[in-house]
1. Restricting the range 46-92 to residues that are of a type in the set (S, T, N, Q) and part of a helix (DSSP H, G or I), which is farthest from residue 144 (Cα to Cα)?
2. If the Cβ limit is 6 Å and pairs must be 6+ apart or interchain, which residue in the range 89-114 that is farther than 10 Å from residue 67 by Cα pairs with which residue that is not β-branched (Val, Ile, Thr)?
3. Looking at 139, 96, 116, can you tell me which residue is buried (at least 17 other Cβ atoms within 10 Å of the Cβ), among the hydrophobic types (A, V, I, L, M, F, W, C) and under 17 Å from the mean Cα position of the chain (by Cα)?
4. Return yes when residue 148 is closer than 23 Å to residue 45 by Cα, modelled with pLDDT under 95, of a type in the set (A, V, I, L, M) and not in a loop (DSSP other than H, G, I, E, B) and no when it is not.
5. Considering only residues that are more than 16 Å from the chain's Cα centre (by Cα), of a type in the set (Val, Ile, Thr) and modelled with pLDDT under 80, which ones fall in the range 36-76?
6. Considering each residue of the range 146-159, count those that are closer than 12 Å to residue 64 by Cβ and surrounded by fewer than 18 Cβ atoms within 10 Å (Cβ to Cβ), and give that number.
7. Just give me the residues in the range 61-77 being farther than 15 Å from residue 131 by Cα, in contact with a helix residue (DSSP H, G or I) (Cβ under 7 Å, 6 or more places away or on another chain) and surrounded by 13 or more Cβ atoms within 10 Å (Cβ to Cβ), in sequence order.
8. Can you tell me how many residues within the range 118-145 are more than 21 Å from residue 47 (Cβ to Cβ) and part of a helix (DSSP H, G or I)?
Amino acid sequence: MGMATRNPVPSRRVFVGLVAIVSVALALTTATANGTGNQSTMAKSLLTGSNVPAPVRAVLERACQNCHSENTVWPWYSHIPPISWQLHTDVERGRAFMDLSKWNDYTESERRGFTAAIGAAIQNHLMPPPKYVWIHREARLSSDEVELVRAWAFAAHDTAKKQ
C-alpha cells in the first residue's frame with residue numbers, strides 16, 4: 001500500500017476561516033458602541049458656576065463623572081466587545097438619569113431632586129456601584145467623603161425647599 005497523501009483543501013479552509021475570524025475581531029475592537037473610536041475630548045470642569053462647594057465638586061468629579069457627564073475617560077477595555085457594549089450602556093443610562101455636564105441647564109426643581117438623589121444614593125452606598133469601584137479604586141469614597149457629600153446634598157435640598 002502506498003503512503004496516503006494529505007488533502008490541501010481542508011487546511012486552506014481552516015486558514016481562510018481563521019483569517020476571517022481575526023479580521024472580524026480586529027474590526028470589532030476598533031469600533032465602539034457609540035462610534036467614537038479612540039477620540040479624546042477636552043474635559044470640561046463639572047458644575048461650573050454652581051453653588052456646589054469645591055470639596056464636594058472634587059468628589060463628584062472623581063467618583064461620578066465617568067458615568068454621569070460628558071467627561072468620560074474610556075479605559076482600554078472599553079473598546080473590546082462585549083465589554084464595550086456593557087460599559088457604553090451603563091454610561092448611557094447614567095447620563096440619561098443625570099448628566100453633571102448639564103447641571104446648569106436643569107431647572108432649580110430638577111437640581112433639588114438630583115441633589116437629594118445624590119445624597120441618598122451615596123449614603124446607601126448605591127453609588128458609585130460596587131462593580132465600578134471594584135475596577136476603579138479611585139472612585140471609592142471614604143466615610144468622610146460620604147458624609148461630606150451627604151451633608152451637602154441634604155443641606156442644599158433643605159435650603160432650596162425653604163425658598
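The values are calculated or read from the model by the stated rules, or taken from the named source; none is laboratory data. Just so it is clear, the structure is predicted and the values come from calculations on it, not from any experiment. Reconstructed Cβ throughout: ideal geometry from the backbone, glycine too, with neighbour counts over all protein chains shown.
1. Among those that are of a type in the set (S, T, N, Q) and part of a helix (DSSP H, G or I), it is 84.
2. Short answer, once both residue conditions are applied: 101/69; 101/70; 103/47; 103/50; 104/49; 112/157; 112/160; 114/98.
3. Just one listed residue meets the conditions, 139.
4. When the stated conditions are applied, residue 148 does not pass them.
5. Listed by number, the list holds a single entry, 48.
6. Summing the residues that are closer than 12 Å to residue 64 by Cβ and surrounded by fewer than 18 Cβ atoms within 10 Å (Cβ to Cβ) in the range 146-159 gives 0.
7. Passing the criteria: 62, 65, 68, 69, 70, 71, 72.
8. So the answer is 7.
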